[in-house]
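The values are calculated or read from the model by the stated rules, or taken from the named source; none is laboratory data. Being a predicted model, the structure only gives us computed values, none of them experimental. As a convention, Cβ positions derive from the backbone with ideal geometry for all residues, glycine included, and neighbour counts pool all protein chains shown. In case anyone asks, the SASA skips ligands and DNA or RNA and just uses the protein heavy atoms, side chains included. Shrake-Rupley method; radii C 1.70, N 1.55, O 1.52, S 1.80 Å.
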Amino acid sequence: GGLNRWGDYSATVVDPTDPQTFWTIQEFVYDTDLWGTQVTQLTLTLEPSSALLGVFSLAATAALAWRVRRG
């Protein structure tokens, strides 16, 4: 009844050969009777500063938890 059911055939999956790569396949509507498909590759990368910040954050959290447990 005039409704576009876009998104019925959309998915996002991990690349089986690379766990840092994702593929997203999205259906979209142009008009009442027209639709298309968009395929996009997404790759996760950590900048060195982000990785270093993550390590320091984990170390600080572990140190705080150790102090709390010791009282």
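Given the structure, is G2 open to solvent by less than 90 Å² (accessible area, probe 1.4 Å) and modelled with pLDDT under 80? Give the steps one after another, and end with the answer.
Values: open to solvent by less than 90 Å² (accessible area, probe 1.4 Å): yes; modelled with pLDDT under 80: yes.
For G2, the condition - open to solvent by less than 90 Å² (accessible area, probe 1.4 Å) and modelled with pLDDT under 80 - is met.
Looking at the range 43-59, is at least one residue in contact with a strand residue (DSSP E or B) (Cβ under 9 Å, 6 or more places away or on another chain), at pLDDT 85 or above and either open to solvent by 80 Å² or more (accessible area, probe 1.4 Å) or not basic (K, R) (or both)?
Scanning the range 43-59, I find at least one residue that is in contact with a strand residue (DSSP E or B) (Cβ under 9 Å, 6 or more places away or on another chain), at pLDDT 85 or above and either open to solvent by 80 Å² or more (accessible area, probe 1.4 Å) or not basic (K, R) (or both), so the answer is yes.
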